[in-house]
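Following: one structure in structure tokens, then a few remarks.
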Amino acid sequence: MSGHQLHKTDRDRIVVLILRALLALALLGVWQFGSGRFLDPFYFSSPLAVVKHLGVEFVTPGFWNDLRITGIELLLGFLFGAGAGVLVAMILGRWRVLNEVLNPFFVALNSIPRIALGPLLVIWFGIDLTSTVALAASLVFFITFFYTLAGVQNVDAGLISVARVQGASNRQIFLKVILPSSVLWIMTGLKTSLPFALIGVIVGEFLASAAGLGYRLNLYSTSYNTTGTMAMLVVLMVVMLFLNACMDLLERRVLRWRPQSGFEAGAPAPN
């Protein structure tokens, strides 16, 4: 990439960030202006009220404890679900017959609504962290599983044949050909499943929990505290944006070997 292209790319990123900030401010301004005029504050609250409520939350020890609990459940659910999904997909991807036997069962299990599975998890694991982590992991598992399996199955057969001709063992083929070729699919699965991990945690805390952001959100919503509900939704959005930014950073590091496309490198778009 030339210095001019690099400079242009950095400038484009700054422009995008500025436009995002302006759009966010415009939406908040419309919301604030409409609150009390066109929108009933009881149902929609207002940005200033939400900010004031967050100020109170931030000096409350209980809020930070709930944030910590939700963070632990999210991390554990994501790690267990993603790790198991990638591992099982890699195993089934190498044994075609086993995959053909088990694939319909995975599809059937994935069709179960997690909200219906939640009460069963509470019965199995009790009203504690374990049931919430299991619910989040169940959402993450199937997404990473199907993405990883697709990546393994779409590895170029020619590359595997060349590796075998060169005398590579099955272990070397897996580490040097199959795994690198599947990394993009795996990262896509991880990024796609991350919001679902948070959804699983929040649903689990809704169903059976005495702590966590989901519990706090449920408490505000059932007591018709619109401002508190909006404040918790803002916190969840900020948490998700932070985690997504971390995932983008990880993706850039893992896929730094991948050549950039013309659009990524700042080249002019084709006519």
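Every number in this text was worked out from the coordinates using simple rules, so none of it is lab data. It should be emphasised that the depicted structure is a prediction, and the values quoted were computed from it without experimental measurement. Note that we place each Cβ from the backbone using ideal geometry, even for glycine, and neighbour counts take in every protein chain shown.
Values computed for the structure shown
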item	result
Mean Kyte hydropathy of 1.6 or more with a Cα span along the axis of at least 18 Å, helices from DSSP in the chain	129-153
Per-residue Cβ neighbour rank within 10 angstrom, fewest leading, Tyr224, Tyr147, Tyr215	Tyr224, Tyr215, Tyr147
Inter-label distance for Lys52 and Val239, nm, one decimal - labels placed 7 Å from Cα along Cα-to-Cβ	2.6 nm
Relative packing of peptides 80-89, 16-25, 130-139 - highest average C-beta neighbours within 10 Å first	130-139, 80-89, 16-25
Length released on extending from Val162 to Leu27, taking residue separation times 0.36 nm less the Cα-Cα span	43.1 nm
Taking the chain and dividing mean pair separation by its residue count, relative contact order in percent (alpha carbons under 8 Å, at least six apart)	25 percent
Gain in span if fully extended, Val15 to Arg94, counting 0.36 nm per residue against the direct Cα distance	23.9 nm
The chain: calculated mean residue ellipticity at 222 nm from DSSP helix runs of at least 4, using -39500 (n - 2.57)	-27000 deg cm²/dmol
Whole-Å distance, taken between Cα centres, linking the range 64-130 and the range 145-217	13 Å
Taking the convex hull of Cα positions in the range 42-254, its mean projected area over all directions (nm²)	14.2 nm²
